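Structure first, commentary second.
The values are calculated or read from the model by the stated rules, or taken from the named source; none is laboratory data. None of the values given here were measured: they were computed from a predicted structure. Cβ placement follows ideal geometry from the backbone for every residue including glycine, while neighbour counts extend to all protein chains displayed.
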Amino acid sequence: MLAVVHCLRAWRQYLLGSSFVVKTDNSATCHFFTQPKLTSKQARWQEFLAEFDFEFEHKKGSSNQAADALSRKQKHAAICLLAHLRGSEIGGSFWVEEDLLVTKGNRLYVPRAGDLRKKLLYECHDTLWAGHPGWQRTYALLKKGYFWPKMRDDVMQYTKTCPICQQDKVEKVKVAGLLDPLSVPTRPWESVSMDFITHLPKVGDFEAILVIIDRFSKYATFIPTTKQCSVEMTAQLFFKHVVKLWGVPTSIVRDRDGRFIGSFWTELFSFLGTSLNISSSYHPQTDGQTKRFNCMLEEYLRYFVNARQKNWVQLLDVAQFCFRVHLEGEAHLRLFLGGNQYCHTLLIIPLQGRTLTFSISRRSVNRQTTSPERT
């Protein structure tokens, strides 16, 4: 704190009337204005500091390199180190020979002072006799006669940023292959995709949604569940809402969620003869269909959820029915009906007042039957 007061007194004519930040690695200094008890000297400092418009910002000592550069000059540190080595005994695997620190294998210790390490890296990598080798060969040349802490990391960083190596060396990594699209299923519930929607407002025990999509018919199933839903619970929900009604699919497309790549899940569906297709890393387009349904479901819930956001669980069944209603085309109509011969339609009947009520009627798909009954 004394250093801050001294600097403000010296630069008072420059700092008055302007806002500035004082960066310090002393966390106690940052709380100088809020400490409850002050000495008489600290009280006079606070009165003086009140003239300026500034704030303290804490900076870690490890990153405060500007102050270290002024207070710890490299030459001075090297001189102190040499004096310390001469006046003390060095144990372990180090010893001194002709004022040089030697370690196991008669390798010389290279201090950080100056650019000696950089010159050695240049000598073992950039010269004609070295020939710009990779980091492993450069490191092998260096470690024959020299040593310093984290030498391996320094060699890797040096060779990685060598401009000549970056310009002229041939890439030896195998080129990644083209992404293969998912195969198109030939019948309903042959292939399904699944994903979780998490971080929803907690309602009872539910705070997540398991979304399961039939990739052929686009039939969506929304299952409320917990955020910490285990792999066993996920399998139970899948059997309860999919396998019980439609049978075991031949393939399942899912992302890299830990519940879908565990041994239990893999062995279970391997026993049932279901292939598990995992999406590519950092490539959500692999299962874009499920991601799109997730987005539409989240939008639907935002439309109709109440102010307290506590009724989203009750809205899932209506949302599932709503998505089925909006499937268009004759093929989607047959998929919607499944084994039933009746189609559910919505009749909008205006009533007196501000709202509309929806009544559900059943209409026979067979055009040769009589007019549909209305309930």
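What the table shows:
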read-out	value
Yes/no for VAL305 being touching a Pro at 6+ places or on another chain (Cβ under 6 Å), of a type in the set (A, V, I, L, M, F, W, C) and modelled with pLDDT of 85 or more	no
Answer from TYR109, TYR158 - the residue that is modelled with pLDDT under 85 and of a type in the set (Ser, Thr, Tyr)	TYR109
Verdict on THR138 being of a type outside the set (Gly, Ala, Ser) and either assigned to a strand (DSSP E or B) or crowded, with 18+ Cβ neighbours inside 10 Å (or both)	yes
Cβ-Cβ under 9 Å pairs, at least 6 apart or on other chains, segment 109-121 side free of Cβ contacts under 8 Å to residues at least 24 places away in the same chain, far side surrounded by 15 or more Cβ atoms within 10 Å (Cβ to Cβ) and outside any helix (DSSP H, G or I)	LEU116/VAL110
Matching residues in segment 214-264 - criterion: being buried (at least 16 other Cβ atoms within 10 Å of the Cβ) and part of a helix (DSSP H, G or I)	VAL231, THR234, ALA235, LEU237, PHE238, VAL242, TRP246
Members of segment 12-50 that are in a loop (DSSP other than H, G, I, E, B) and exposed (fewer than 12 other Cβ atoms within 10 Å of the Cβ)	LEU16, GLY17, SER18, HIS31, GLN35, PRO36, LYS37, THR39, ALA50
Tally, over segment 244-285, of residues that are touching a helix residue (DSSP H, G or I) at 6+ places or on another chain (Cβ under 6 Å) and among the aromatic types (Phe, Trp, Tyr)	2
Lone unmet requirement of (1) under 26 Å from the mean Cα position of the chain (by Cα); (2) in a loop (DSSP other than H, G, I, E, B) for SER193	(2)
Which listed residue, of PRO181, PRO185, PRO163, is closer than 16 Å to ILE252 by Cβ and outside the structural domain of LEU316 (by TED's automatic domain parsing)	PRO185
Residue in segment 133-149 that is within 30 Å of VAL248 (Cβ to Cβ) and in contact with a strand residue (DSSP E or B) (Cβ under 6 Å, 6 or more places away or on another chain) present	no
Test result for SER217, within 21 Å of LEU276 (Cα to Cα) and in contact with a helix residue (DSSP H, G or I) (Cβ under 7 Å, 6 or more places away or on another chain)	yes
Top-ranked residue of segment 283-314 - restricted to ones that are of a type in the set (Lys, Arg) and over 22 Å from TYR219 (Cβ atoms), ranked as surrounded by the most Cβ atoms within 10 Å (Cβ to Cβ)	LYS310
Within segment 141-151, tally of residues that are in a loop (DSSP other than H, G, I, E, B) and surrounded by 16 or more Cβ atoms within 10 Å (Cβ to Cβ)	1
